[in-house]
Structures are given as C-alpha cells and as structure tokens.
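Enquirer: Mind looking over this structure? Questions follow.
The values are calculated or read from the model by the stated rules, or taken from the named source; none is laboratory data. Model, not experiment: these values are computed from the prediction. Here the Cβ positions follow ideal geometry from the backbone for every residue, glycine too, while neighbour counts run over all protein chains shown.
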Amino acid sequence: MNILWLSANRFGYELLKEAINLEGINITGIITLADGTKTVMYDGIEIKKWKEFGIDVFEIERLDLEAKLIKKLAPDLIVMCGWRQVISKEILSMPKEGFIGFHPTLLPKGRGPAPIINSILHGWKESGVTMFRVSDGIDNGDIAGQEKFLIEKNDHSFEVYEKVIETGKKLVKKYLPLIAQKKVLWKKQDESKASEFEKPEKNSNCIDLKNETLEEISRKIRAFSKPYNGAYLHNKGKKLILWRAELK
C-alpha cells in the first residue's frame, strides 16, 4: 500500500521510523510544515531529519492549499500524526483508503484539543492512544485499535508524551499492516460515552495561589511543563515559570 505521511512533530517522526520497516507498507512521500511554521510540540524535528529517511519531503504551510500535490502523489492512504491543521473535505476524499489519525486519549473520551495537557489537568490516572479514521468531525471516526498507558501522579507532559510515542509505535506495528491488507475490524465510537476537551485559554497556565488547591496547582505545573510553555505565577512584579512539581 502506498502511504503519504503527514506530520510536523516528533510523535509523527518516531512513528514513521516504525512504519518504514513494515512489510507491505510503502511510504511514498512525507508532508511536513515549512521551516518557520512552528506548532506546539514541533520538537525540533527539522527538515533535514525528515530527509534522512531517503523519502521525498514536501514542505508546506497549509494543507488545504495542496490539493494538486496530493492528487499528483496519488496515495492509497494518508497517515496523519502530529498535525494540527483542520483537514478539508476535499483533501479527506482524495486517498481512496482515506486518512488514518492518532489521538492521545482512549476515544471517544477526550476528543478535541490539547489532550495531553487536558488529561493531566483533569487528573486522569489512565489514558492511551487511539488509531482511527479521520473524518470531518472532531476525532469521531471509526477506530482501528487502542492501547492504554498509566499516568502516574507525578508524571509531567514530557513523560506522558513519551508514553504516547511508545504506545503509538505499538499501534503502528499492529494495525497498519492490517489496514494495508484490509483485515482490520473497524469499530464505531460509542457516542453515549463521548466527551470533548476544551482548548486551554490564553492565561490558563497562570497559577492562582489564592483560589487553587495544591493538587490543582501541581496538575497545572505538570500539564504545562515542557514541551509546552510552562505554568507561571507573578512574584514581585516578575513572571516566575515553574517546570516541575511533586506531591508527596
């Protein structure tokens, strides 16, 4: 199966390293963001890194402007992991086998933006990664497979992100060959169990010492830690960023 890989962060980079070694999988091209078009968790995966795979790399700014490119590449399937732009219906309809995406929660729970940040803010003790069909809805496509992991009480975003990567690798190795062979058993999401995260507001990483509990402050520090911008408070007119927190 000819696959076009769509990614702009380390999550997609690490999963691609697994995919290129799978039997029956032919990665015909990589689409990534042009230098200077940064997203959250871009992780320093520069263009030269993508080129190390020996696969054609296409640097773009907006996917919805690249219909001609995708039509020319004519992929059977597009795998999207680590991509924050909304995919238009036109682009979604181009590959005959559709789009496959990865979401770092156990869908249908935790649809929507900032899943790693939100899972920590909400005090989740368990999460996972879902491999699913991308549709024009919000993370509501049919599921190919899921894998769980634990969120320990002192895990920060960096640790959770590493768990997401390792879990995503398992999904790629297990389910991408099945998708290529058309042997995967797709499962519809149970809408009665669906929940959706909200996008963090501009100052949601600001610590409120007067009105937040120690537990809430700890979660906020851990949630907004690297690779994000950090939780902060104001101290004597200065902005103090806090990167680590532990509750004994």
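Enquirer: Between a residue in region 77-103 that is under 20 Å from residue 145 (Cβ atoms) and in contact (Cβ under 8 Å) with a residue 40 or more places away in the chain and any residue that is of a type in the set (Phe, Trp, Tyr) and part of a strand (DSSP E or B), which pairs come within a Cβ distance under 7 Å, given they are 6 or more apart or on different chains?
Expert: Listed by first residue and then by second, the contacts come to 78/99; 79/5; 80/99; 81/102; 101/132.
Enquirer: Give me the pairs, please: first residue somewhere in region 180-195 and in contact (Cβ under 8 Å) with a residue 24 or more places away in the chain, second residue anywhere and of a type in the set (A, V, I, L, M, F, W, C) and in a helix (DSSP H, G or I), beta-carbon distance under 7 Å, and either six or more positions apart or on two chains.
Expert: The qualifying pairs are 184/178.
Enquirer: Hey, can you tell me all the residues within region 178-207 that are in a helix (DSSP H, G or I) and within 30 Å of residue 22 (Cβ to Cβ)?
Expert: 178, 179, 180
Enquirer: Could you tell me whether any residue of region 53-65 is in contact (Cβ under 8 Å) with a residue 60 or more places away in the chain, surrounded by fewer than 16 Cβ atoms within 10 Å (Cβ to Cβ) and either of a type in the set (Val, Ile, Thr) or more than 30 Å from residue 160 (Cβ to Cβ) (or both)?
Expert: No, region 53-65 contains no residue that is in contact (Cβ under 8 Å) with a residue 60 or more places away in the chain, surrounded by fewer than 16 Cβ atoms within 10 Å (Cβ to Cβ) and either of a type in the set (Val, Ile, Thr) or more than 30 Å from residue 160 (Cβ to Cβ) (or both).
Enquirer: How many residues are modelled with pLDDT under 95 and more than 20 Å from residue 9 (Cβ to Cβ) if we restrict to region 75-89?
Expert: Residues flagged as modelled with pLDDT under 95 and more than 20 Å from residue 9 (Cβ to Cβ) within region 75-89 amount to 2.
Enquirer: Still on this structure, please answer the following. Going by the conditions given, is residue 236 surrounded by fewer than 15 Cβ atoms within 10 Å (Cβ to Cβ) and either in contact with a Pro (Cβ under 9 Å, 6 or more places away or on another chain) or closer than 15 Å to residue 156 by Cβ (or both)?
Expert: Taking the combined requirement at face value, the residue does not satisfy it.
Each row is one residue, and each column tells you yes or no for (1) under 18 Å from the mean Cα position of the chain (by Cα); (2) surrounded by 14 or more Cβ atoms within 10 Å (Cβ to Cβ).
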position	(1), (2)
172	yes, yes
177	no, yes
187	no, no
194	no, yes
205	no, yes
209	no, no
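Enquirer: Can you work out which of the residues in region 205-216 that are polar (S, T, N, Q) and without any contact (Cβ under 8 Å) to a residue 12 or more places away in the chain is nearest to residue 235 (Cα to Cα)?
Expert: 211
Enquirer: Looking at residue 137, is it out of contact with any Leu (no Cβ under 9 Å at 6 or more places or on another chain), over 28 Å from residue 243 (Cβ atoms) and surrounded by fewer than 23 Cβ atoms within 10 Å (Cβ to Cβ)?
Expert: So residue 137 fits the description; yes.
Enquirer: Right, next: Hey, among 110, 145, which residue is within 20 Å of residue 192 (Cα to Cα), in contact with a Ser or Thr (Cβ under 7 Å, 6 or more places away or on another chain) and modelled with pLDDT of 95 or more?
Expert: Values: 145 fails: in contact with a Ser or Thr (Cβ under 7 Å, 6 or more places away or on another chain).
It is 110.
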